[in-house]
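Coordinate-derived values only; no laboratory data. Keep in mind that what you see is a predicted model, and the values were worked out from it rather than measured. Positions of Cβ are backbone-derived with ideal geometry, glycine not excepted, and every protein chain shown enters the neighbour counts.
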There are 2 protein chains.
Amino acid sequence: MTRRDFINSTSASYASLLAWGMLPAAPASALDLPANGQRNDGKGRKVIILGAGLAGLTTAYELGKLGYDCTILEARSRSGGRVWTVRGGTKETEIDGGLAQTCSFAEGHYFNGGAARIPHHHQLTLQYCRELGVPLQIFNGANESAYLYNEGGTGNLANQRMRISDYHNDMRGYTSELLAKALDQSALDQQLTKEDVDKLIDFLKNEGDLNTAHLYKGTNRRGYKSKSDPGAGNAPGTLTDPFGLTDLLRSGFMQPVFYNVGDYAYEQQTTLLQPVGGMDAIPKAFEKKLTEKIIFNAPVTELRKTDNGVRIVYKKDGKPVELTGEFCVCTLPLPMLKTLESDLSGTVKRAADFIPYMKTGKIGLQFKRRFWEEDDGIYGGISRTNMDINQIWYPSFSLQGQKGVLIGYYNFYSRAEAVGALSIADREKLALEQGSKVHPQYPAEFDNSFSLAWHRIPYSGGGWAVYDDATRKKYYPALLEPDDNIYFAGEHTTYLTAWMAGAFTSARRTVEAIHARVGGYTKN
Amino acid sequence: MTRRDFINSTSASYASLLAWGMLPAAPASALDLPANGQRNDGKGRKVIILGAGLAGLTTAYELGKLGYDCTILEARSRSGGRVWTVRGGTKETEIDGGLAQTCSFAEGHYFNGGAARIPHHHQLTLQYCRELGVPLQIFNGANESAYLYNEGGTGNLANQRMRISDYHNDMRGYTSELLAKALDQSALDQQLTKEDVDKLIDFLKNEGDLNTAHLYKGTNRRGYKSKSDPGAGNAPGTLTDPFGLTDLLRSGFMQPVFYNVGDYAYEQQTTLLQPVGGMDAIPKAFEKKLTEKIIFNAPVTELRKTDNGVRIVYKKDGKPVELTGEFCVCTLPLPMLKTLESDLSGTVKRAADFIPYMKTGKIGLQFKRRFWEEDDGIYGGISRTNMDINQIWYPSFSLQGQKGVLIGYYNFYSRAEAVGALSIADREKLALEQGSKVHPQYPAEFDNSFSLAWHRIPYSGGGWAVYDDATRKKYYPALLEPDDNIYFAGEHTTYLTAWMAGAFTSARRTVEAIHARVGGYTKN
């Protein structure tokens, strides 16, 4: 009896099955649709897939299991799309006269230019990593030892870096003290019993590390003064002093740019993961399953409907080539879709025209020495600033090695637009100048850089689809249904925009829809 | 000009040097004492070191650099002492009639029976890993996805597991709401200006994810209901509901056993690290530097003072062997020291008699399937219970592999004493029964186990020295000065008890003291 049979045959409740580990909390097993040999299965049906990003690769992989004859057309010479690991030898030339860059990072060093982390609850992404044998390691997302830096503020704490842990420990302390005071004074008109109030005060004493008088006077959670760590002999260590509440309130760190801390956003809560050796291990693993199914350097120029299917025109060695099939699965990002000549319906074309994409950029900075580890004790994680560089990401791999690549900026919206508009040299200059305010070691240790602006990257044209309630309502539905025999997949057809999980789940949805249409599968 | 010269010659302040990365925040470089060729250096001076744990290994390594002729006597057939990685083939027999265990974990699986994590600010530990070429990886300490489980409570949330993230998100929400209410009602007699109060309320709105009315009504930080994750098509996801404040307050999770969460204790704040392949990579790396300096299977029985040095008796193949030297560095844990026949002074003997050691135990449980990852999305981290098992640790390595070893209990004091007193089979039974309450998959997936109780492990006799103010004052000083030509090192001679950093820093202190005494070094 298989696990599935057991689940189907038993009368046990979902909750008890879940509790007994018989059901994963989300779809985390291999896709298991009725396959070859069934009536009207996919055998021999021709499907043309536009784009060898994760959505396209997954669609071809899953349809291939069902016997469909898939061809992926990919404009680039590589697979993965916005899953792109930049390492020594990586080349790119941005649009609008961008200079050609060739990355000169040392062997073994890299950064993930696009997708860079896997939430522990993105079970479909994790399932594909298992299924394809992609080894994972921990991505250190929320590192309390990283810094906050508020440029241009006016308080006592402006224009100086602060450890996130100091901010958290102190704010937890003061707010716990204030609430304990309100409770002690019965100042709050609330519904709690005396006993519950006592429990809450117990909680606050722990939460804020308050003293017996319920006051926050600093805490050993903040660590020790420089050169006064506890040690051997007569060295108990000297504790640090807390910052003042007023100074903290005026620090500017309440701004959202600092506040998107990893522990809080659901997608960034521990634990985050990453493939060993770079995120492109995932598309590379798919490629091995799709030998001779991908045509590289084949940008699509036309997308046509025919009486019984689709006709695609792409360029190969500068010349147009035609390909016909029964179905097309278009995974192109919308900024690319809107440049195609096509027979697409008006609603789809408007969706492509009006759903905005994130402007976003990153720069990888190679340094001769991992000073953030050696001098600052920062092993992975993210520092946050209100400058154009916005975030600094520290690598969670090759710890304590000889060199290192950190992400010197990761920015969005107007900041990304402004920085992306700079020359390659000026982006580097900006990253070094602003980053030096957090890490004065930058100038002495800098080696080389590689930068990218996704809204200027050919065949991507943006970071990810950005929906608000209005665009969800007005434009999103057009992408969910097939336009005759043309299906749409990719993160922009999901509520998991910007995540690889969006690409995966959209591919499965499309495979199920096609297979149901040809009669090979009845959806429950 | 070397870095050291620059630091000595410049008039720059310590703070500016630190800011410019010219000074590490703690001693993080190779020990650099005046070496061979100086007047009265260590050349040829005989030092006998008792114990090949980290303190002994480091002492021999550093004295060796200075020309001393060191011999380490080690009772066991391995180095490392309480730095001990348990893997397939590991054997141990505890005292008091303990049964011989041989570990049968699968290839590549292990747990660290003793020291298991390196804080990012233990710079000396990190420095030795760098100096010896021990590669590190992230140890996931504070995993918000792990569980809390309160056995025997009476509230609505008793006897059921809860994700740490749910507890944190809800408690942050409610306490932020309550404090915002107190501030809104001007109920608090505090010193803040109106503007600062507004900033504090802004902070609380972010901290607790309050709605516009400053109420906590749950948050998308809690994630989505089972089978209602956001996905492709019309699947925005369904948010979970918060637990009630009263239920949370009565959950029992305010007890210290649950509260020692990683983000709070200084030593456990992100980021924690571990050597790739097991903590014993550190002693093994030292061993390579100390060829033919370590005599294994050589338990010391006598420690004698002579006119100009020391005389040690140890057993080799059951027969007593004598060794004489100028100095002895004794790194034996105090429970072992007190069993020696010795000429030690009364104050040292009393220290050995009266400084208590932690009773503590662990069990490694191998499972056929990594259900905690596949079913629960737990990749590393620690679940906390009030049962005898106390903590469950999930491995931060070999993620998504075929099998896995987790630490099924890590307990202390009376819990460790009670569990350690059980037979090997009964310890396993207890770990499985209690652990099943958190992970019902245990019975179906269990493979085999290996357990240990440090207070019953030969040649250790306990986890680590436990000081309070009284024992620090009364007994600790005796261990800090040499007893004639006998020096003491090990975590028990530091304020970093229980940490490898204690062993390292004590070894350096001892090396400096000996080298200063023979005139090879003048302490600044």
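Assorted remarks:
- For the peptide A:439-452, the mean number of other protein chain Cβ atoms found within 10 angstrom of a residue's Cβ is 1.
- Table column - 3J(HN,Hα) (Hz), region B:420-430, Karplus curve with 6.51, -1.76, 1.60, x for Gly and Pro: x, 6, 6, 5, 4, 5, 6, 4, 4, 4, 4
- Normalised contact order of chain A, rounded percent, pairs of Cα under 8 Å and 6 or more residues apart: 21
- Using a simple spin-label model with pseudo-atoms 7 Å out from Cα toward Cβ, A:Met358 and A:Arg311 lie 4.0 nm apart.
- Violating pairs (Cα-Cα greater than 19 angstrom) within the set A:Lys474/B:Lys217; A:Lys349/A:Lys473; A:Lys181/A:Lys217; A:Lys284/A:Lys338: A:Lys474/B:Lys217; A:Lys284/A:Lys338
- Residues of region B:338-353 falling in the label zone of B:Thr471, defined by backbone nitrogen less than 14 Å from a point 7 Å along Cα to beta-carbon, are B:338, B:350-353.
- Position B:Pro443: other-copy label points at 6.9 nm, ordered by increasing distance, label point 7 Å along Cα→C-beta.
- For the protein assembly as shown, share of DSSP beta bridges that run antiparallel, in % to the nearest 5: 75
- DSSP-defined antiparallel bridges as percent of all bridges, chain B, nearest 5: 75
- Note on B:Lys288: lysines with a C-alpha under 23 Å away, same-chain residues under 8 apart excluded, are B:Lys43, B:Lys46, B:Lys65, B:Lys91, B:Lys316.
- Only lysines eight or more places from A:Lys429 in sequence, or on another chain, were considered; those with a Cα closer than 16 Å are A:Lys362, A:Lys437.
- For chain B, a Kirkwood radius taken over Cα pairs fed into Stokes-Einstein (20 °C, viscosity 1.002 mPa s) yields D = 83 µm²/s.
- The mean sequence separation of alpha-carbon pairs under 8 Å and at least six residues apart, normalised by the residue count of region B:158-274, gives a relative contact order of 24 percent.
- Taking all pairs of distinct alpha-carbon atoms in region B:278-373, Kirkwood radius in angstrom: 16.8
- Exercise: per-residue mean of other protein chain Cβ atoms within 10 Å, B:162-175: 3
- With both labels modelled 7 Å from their Cα along Cα-to-Cβ, the A:Asp189 to A:Ser104 distance reads 7.1 nm.
- Pseudo-label separations to other copies for A:Lys227 - Cα-to-Cβ vector, 7 Å, nm: 6.4
- P(r) histogram, all alpha-carbon pairs of the protein assembly as shown included - 10 Å bins from 0, percent: 2, 10, 18, 21, 21, 15, 8, 4, 1, 0, 0
- Shielding by other protein chains, A:495-503, mean Cβ within 10 Å: 3
- Note that region B:112-258 carries a Kirkwood radius of 18.9 Å, evaluated over its alpha carbons pair by pair.
- Sequence-distant residues sharing a close amide H with A:Cys330 (under 5 Å, placed H): A:Leu50, A:Tyr487, A:Phe488, A:Ala489
- Against the main long axis of the alpha-carbon atoms of chain B, helix B:194-208 sits at an angle near 90°.
- Projecting the Cα atoms of A:Gly408, A:Gln160, A:Leu332 onto the charge dipole of chain A (Cβ charges, centred on the Cα centre) puts A:Leu332 farthest toward the positive pole.
- Dividing the summed -39500 (n - 2.57) terms of all DSSP H runs of n ≥ 4 by the residue count of chain B sets its mean residue ellipticity at 222 nm at -8500 deg cm²/dmol.
- Here the extension length gained between A:Phe412 and A:Asp196 equals 73.3 nm, from 0.36 nm per residue of separation less the Cα-Cα distance.
- Extension gain (nm, one decimal) between A:Gln160 and A:Ile295, 0.36 nm per residue minus Cα-Cα: 43.4 nm
- Residue-count net charge about B:Pro458 - beta-carbon cut-off 10 Å; Lys, Arg +1, Asp, Glu -1: 0
- Grouping the Cα pair distances of region A:175-288 into 10 Å bins from zero gives a pair-distance distribution of 11, 21, 28, 21, 11, 7, 1 percent in increasing distance order.
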